[in-house]
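Notes follow once the structure below has been shown.
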Amino acid sequence: MSLQFLADGLLMGAMIGLGAIGVTLTYSILGFANFVHGEFVAWGAYACLVIAGLIGLGLGIQAEPLGPFSIGWVVLLAGAAAMVFTGGLALALDWLLFRRLRRHGNAIVMVMASFGASMALRSLLEFLFSSAPAYFSQEIQIAVPLGLGVRVTPDQMLMLGLTAVLVVAMHLLITRTTIGRSMRAVAENPHLAAVAGIDVTSVIRKTWLIGGALACAAGVVSGITVQIRPFMGFDLLLPMFAAAILGGIGSVPGAVVGGLIVGLAESMAVQFVGAEYRAAIAFLLLIAVLLVRPAGLFGRAEA
Amino acid sequence: MTARVVLSATEIVAGYEPDLPILNGAGFVLREREIVTLLGPNGAGKSTLIKAVAGLVPVTSGTVRLGDQEITRLPAHTLIRRGLGFVPQTENVFAAMSVEDNLLLAAAILPRDRRAARVAAMYAMFPDLAAKKSLAAGRLSGGQRQMLAVARALLVEPKVLMLDEPSAGLSPKIVGAVFETLQQVRASGVAIVLVEQSVRAALAIADRAYVLAEGRNRHEGPAPLLRDDPIIAHLYFGGDPVAAP
């Protein structure tokens, strides 16, 4: 039996995990399930596509592929710029919408507002770019054999590398820096955080900024390895939430491990049960884990 | 010569809802190196008063002054930088974070070159915490948590420390240790406002006391006098005069 399905599951899981980091941070600090996160994934990918195009047009550069990958440095540079753009978009959305609603402190109103904003942003994206898929590159990738019947493309390896770098960077940010400690403090107890001298509003803004940038990163790697579509973020939304909850809300390593578990479960479902049951199997697994550990794998039970 | 006033709250009207004030003109004055305790029955507004001073409850009218500066309605996070520390009654440490991270978090408002020294000073003052640096604060005992909460507030060398029922949920032996620590803190030059249900313990270490009821000041005076006043004991403390411990 080929173990390709395991590799596919891990690759899909890495992508879900990367997106889930932003979900888990915003959920723990902002205190509501932010459905817009999926749209930030798609907006980030399209922003990268547009910026890469503008760089190409402005500098008259042909986007030559970098080594064995299908993309060149132009896409990587555009990806960094798109992360800033998407972080700014998240910040703008908070300023326009969520900042006002936050004053009333009603989480369900915030969730419904995020649902509405999500649909509006997705429709706008579809209006601007149509629902036809777009690609960063038309280069054909040859999968490299890794043994045991597993083949992986260079782009997929790049995606794994980028995901690993971002996960480690985020983990260090959260655990070793002042802003990371402030984010954890606000997530746990915003009133005590304020008394301790933390500007809670500033931490919330930084959370939107970082969450938007991470969603963009997930969108770009998904765009490189699969394709870019207005619904790409929406399709990833439920698996990302599942991963964040499975890993334990607020835990960066938990989000990644949760993503890998969801990805593997979906892939195994396709292999052994049938593609139509992939989502059901992943969510059954989620329910099973939560029955045993309600706070998730890396989460802390409420005192 | 009368000592300088370091904190004053005058005619404070405040509450969680704009049309439903809990405080109806309450206030207090705190002088240098003084311990002032706010007493009264449940619902009197003691905790609300220090939360209003700390910027956690909206103030409708009245004035709060820290030294020469008016601080009424300033955001809570700016007050510790001005020298006003606050230790809430419950959930007063970040339970998921280590002892060290709790202190480093508080130290973040200090210049970088002073942070390590201040954290070390807190470990010297509270040796129990030094032995449990890496432990999650949520796993500390009740007394150790209270010490960590006090250390977090003291780390930035405030001029004034406000504590909301530091004895809540602690055994009498631990309460004794906490109150002994508060006397050491006062001796180091920090003035203290103490909200307490444990009247006997509070009056034993306080210089002056205010008795609140229904959001207003009802009595005030030197702690020993209030302690021995049979009318006050009967009206507000539910029984006989509070004997000195």
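The values are calculated or read from the model by the stated rules, or taken from the named source; none is laboratory data. Nothing here was measured: the structure is a model prediction, and the numbers come from that model. Methodologically, a virtual Cβ is constructed for each residue, glycine included, from the backbone with ideal geometry; neighbour enumeration extends over all protein chains shown.
Numbers below:
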{"item": "Residues satisfying the stated conditions in the range A:204-235, i.e. of a type outside the set (Lys, Arg), surrounded by fewer than 21 Cβ atoms within 10 Å (Cβ to Cβ) and closer than 27 Å to B:ASN102 by Cα", "result": "A:LEU209"}
{"item": "Selected residue [closer than 19 Å to A:LEU10 by Cα and modelled with pLDDT under 90] from A:VAL273, A:VAL257, A:VAL221", "result": "A:VAL273"}
{"item": "Within the range A:84-202, helices (runs of 4 or more DSSP H) holding 3 or more residues that are within 14 Å of chain B (Cβ to nearest Cβ)", "result": "A:154-176, A:178-188, A:190-195"}
{"item": "Per-region count, the range B:166-198, residues farther than 26 Å from B:LEU66 by Cα, outside any loop (DSSP other than H, G, I, E, B) and hydrophobic (A, V, I, L, M, F, W, C)", "result": "3"}
{"item": "Residue list for the range B:93-118, filter: at the interface with another protein chain (Cβ under 7 Å from one of its Cβ atoms) and either buried (at least 24 other Cβ atoms within 10 Å of the Cβ) or in a helix (DSSP H, G or I) (or both)", "result": "B:PHE94, B:ASP101, B:LEU104, B:LEU105, B:ALA106"}
{"item": "Criterion (buried (at least 24 other Cβ atoms within 10 Å of the Cβ), closer than 29 Å to A:LEU264 by Cβ and more than 11 Å from the chain's Cα centre (by Cα)) met by exactly one of A:ILE16, A:ILE29", "result": "A:ILE29"}
{"item": "Residue satisfying all of: in the range B:33-71; touching a helix residue (DSSP H, G or I) at 6+ places or on another chain (Cβ under 8 Å) and polar (S, T, N, Q); farthest from B:PRO158 (Cα to Cα) among these", "result": "B:THR37"}
{"item": "Residue in the range B:123-136 that is of a type in the set (D, E, K, R) and either under 17 Å from the mean Cα position of the chain (by Cα) or closer than 26 Å to B:GLY189 by Cβ (or both) present", "result": "yes"}
{"item": "Residue within the range A:158-179 that is farther than 23 Å from A:SER28 by Cβ, surrounded by 21 or more Cβ atoms within 10 Å (Cβ to Cβ) and in contact with a helix residue (DSSP H, G or I) (Cβ under 6 Å, 6 or more places away or on another chain) present", "result": "yes"}
{"item": "Pair list, Cβ under 7 Å, 6 or more apart: the range A:184-198 residue without any contact (Cβ under 8 Å) to a residue 12 or more places away in the chain and under 12 Å from B:ARG81 (Cβ atoms), other residue surrounded by fewer than 24 Cβ atoms within 10 Å (Cβ to Cβ) and of a type in the set (Lys, Arg)", "result": "A:GLY197/B:ARG81"}
{"item": "Selection within the range B:45-81 - within 10 Å of another protein chain (Cβ to nearest Cβ) and either crowded, with 16+ Cβ neighbours inside 10 Å or not in a loop (DSSP other than H, G, I, E, B) (or both)", "result": "B:LYS51, B:ALA54, B:GLY55, B:LEU56, B:ALA76, B:HIS77, B:THR78, B:LEU79, B:ILE80, B:ARG81"}
{"item": "B:LEU23 being under 27 Å from B:ILE232 (Cβ atoms), of a type in the set (A, V, I, L, M, F, W, C) and touching a Lys or Arg at 6+ places or on another chain (Cβ under 6 Å)", "result": "no"}
{"item": "Members of the range B:82-92 found to be part of a loop (DSSP other than H, G, I, E, B) and more than 8 Å from every other protein chain (Cβ to nearest Cβ), listed by number", "result": "B:GLY83, B:GLN89, B:THR90"}
{"item": "Sole exception among (1) touching a strand residue (DSSP E or B) at 6+ places or on another chain (Cβ under 6 Å); (2) more than 30 Å from B:ARG200 (Cβ to Cβ); (3) modelled with pLDDT of 95 or more for B:ARG73, by number", "result": "(3)"}
{"item": "Residue identified as surrounded by 15 or more Cβ atoms within 10 Å (Cβ to Cβ), in contact with a Leu (Cβ under 9 Å, 6 or more places away or on another chain) and either modelled with pLDDT of 90 or more or not polar (S, T, N, Q) (or both) among A:GLY197, A:GLY149", "result": "A:GLY197"}
{"item": "Among the residues listed as A:ALA52, A:ALA7, A:ALA42, the single one being in contact with a Lys or Arg (Cβ under 9 Å, 6 or more places away or on another chain), over 28 Å from A:ILE174 (Cβ atoms) and among the hydrophobic types (A, V, I, L, M, F, W, C)", "result": "A:ALA7"}
{"item": "Residues being of a type in the set (D, E, K, R) and surrounded by 18 or more Cβ atoms within 10 Å (Cβ to Cβ) - total across the range B:133-151", "result": "1"}
{"item": "Test for B:LEU226: is it part of a helix (DSSP H, G or I), under 23 Å from B:ILE50 (Cβ atoms), hydrophobic (A, V, I, L, M, F, W, C) and away from chain A (no Cβ under 14 Å)", "result": "yes"}
{"item": "Check on B:GLN144, outside any helix (DSSP H, G or I) and touching an Asp or Glu at 6+ places or on another chain (Cβ under 7 Å)", "result": "no"}
{"item": "Positions within the range B:157-185 being more than 18 Å from B:GLU34 (Cβ to Cβ) and of a type in the set (A, V, I, L, M, F, W, C), in sequence order", "result": "B:ALA168, B:LEU170, B:ILE174, B:VAL175, B:ALA177, B:VAL178"}
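A quick yes/no check of all residues on (1) within 23 Å of A:ASP235 (Cβ to Cβ); (2) more than 21 Å from the chain's Cα centre (by Cα); (3) free of Cβ contacts under 8 Å to residues at least 60 places away in the same chain:
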{"residue": "A:ARG103", "(1), (2), (3)": "no, yes, yes"}
{"residue": "A:LEU124", "(1), (2), (3)": "yes, no, yes"}
{"residue": "A:ARG151", "(1), (2), (3)": "no, yes, no"}
{"residue": "A:VAL167", "(1), (2), (3)": "yes, no, no"}
